[in-house]
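Provided herewith is a single structure, encoded as structure tokens, for subsequent inquiry.
The values are calculated or read from the model by the stated rules, or taken from the named source; none is laboratory data. Source: prediction; values computed, not measured. Cβ: placed from backbone, ideal geometry, glycine included. Neighbour counts: every protein chain shown.
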Number of protein chains: 2
Amino acid sequence: MELNTAADSLAALGHDTRLAIYRLLVQAGSEGLNAGVISARLALAPATLSFHLAHLTRTGLAVSRPEGRFIYYRADYARMNELLGFLTANCCAGEPCATTDTCCPQGEPA
Amino acid sequence: MELNTAADSLAALGHDTRLAIYRLLVQAGSEGLNAGVISARLALAPATLSFHLAHLTRTGLAVSRPEGRFIYYRADYARMNELLGFLTANCCAGEPCATTDTCCPQGEPA
DNA sequence: TCGATAATTCCAGAATAATGGAAATATATG
DNA sequence: CATATATTTCCATTATTCTGGAATTATCGA
């Protein structure tokens, strides 16, 4: 993953409202949630929600699927894990990193 | 970790220059790097670097330690892992999430 | 103590992002 | 077909963030 792409994704998550939306999607699982449900749960104006959903979708963190009049959004878990991997990759300068404070509790990722 | 705090941290990482700085710190390990080294490696104006380092420090992702005329910065790995944990917590709506595409390859975190 | 080096703070201009009302698009239902 | 519902797009306003030159603070070495 390019630094540039990772930064875009992190910026997408770096906003209270978008992060709240994203967490709903992560928790919702593979079914996802439609825009109306999200709008109701977070009390967001439709235009505002649309703006943020578009942002999450543009960066690949969320994926949309039309279903009749509704549009369902779900978190792309593969994308999420790529992003998490990017942050920890090549960490700790070769120190045994599972023991250096709490870096990489599962050991240095590939 | 509060949503609000997580969003601030993610926003801090959601900028090309800051993410580049943070990755240098993550790779540098517990010694960290001083501002001059970072400035040289990324070709940043001192004021600009200072601004971004302050941002990373304010959110707790980086920690500074003065050493003579130099100020060393290092990544706070514990903080990083809290943040990563926040993103995946309660994921996948109870589906067996290690098998749902690639969510939580190590299984649902606590 | 003085000059050099490291880094920060101050500041203002430039750029970018967020918000939500209103109009537009699309689908469903009677 | 007409109406209701779901969502998006358009647009203008407001707010926030980024950038880097210049001044400032602090430490080092001769």
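Filter region B:50-75 for residues that are among the aromatic types (F, W, Y) and closer than 16 Å to B:L19 by Cβ; which is surrounded by the most Cβ atoms within 10 Å (Cβ to Cβ)?
Here the residue is B:Y73.
Considering only residues that are at pLDDT below 95 and of a type in the set (S, T, Y), which ones fall in region A:49-104?
Within region A:49-104, A:T88, A:T99, A:T100, A:T102 qualify.
Take region B:36-60 and flag every residue that is near DNA strand D (Cβ under 10 Å from one of its atoms), small (G, A, S) and under 21 Å from B:D76 (Cβ atoms).
B:S50, B:A54
Restricting attention to region A:16-33, which residues are surrounded by fewer than 19 Cβ atoms within 10 Å (Cβ to Cβ) and not charged (D, E, K, R)?
A:T17, A:A20, A:L24, A:Q27, A:S30
For every residue, the table says whether it meets (1) of a type in the set (V, I, T); (2) touching a residue at least 24 places away in the same chain (Cβ under 8 Å).
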position	(1), (2)
B:Q27	no, no
B:R41	no, no
B:P46	no, no
B:T57	yes, no
B:L61	no, yes
B:I71	yes, yes
B:L84	no, no
B:C92	no, no
B:E95	no, no
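Scan region A:34-49 residue by residue and report those that are surrounded by 19 or more Cβ atoms within 10 Å (Cβ to Cβ) and either among the small types (G, A, S) or near DNA strand C (Cβ under 8 Å from one of its atoms) (or both).
A:L44
With B:D76, B:D101 as the choices, which residue is touching a Ser or Thr at 6+ places or on another chain (Cβ under 8 Å) and without any contact (Cβ under 8 Å) to a residue 24 or more places away in the chain?
B:D101
For region B:1-11, name all the residues that are within 14 Å of DNA strand C (Cβ to nearest atom) and at the interface with chain A (Cβ under 7 Å from one of its Cβ atoms).
If the condition is that a residue be within 14 Å of DNA strand C (Cβ to nearest atom) and at the interface with chain A (Cβ under 7 Å from one of its Cβ atoms), then B:L3, B:N4, B:A7, B:L10, B:A11 are the ones that fit.
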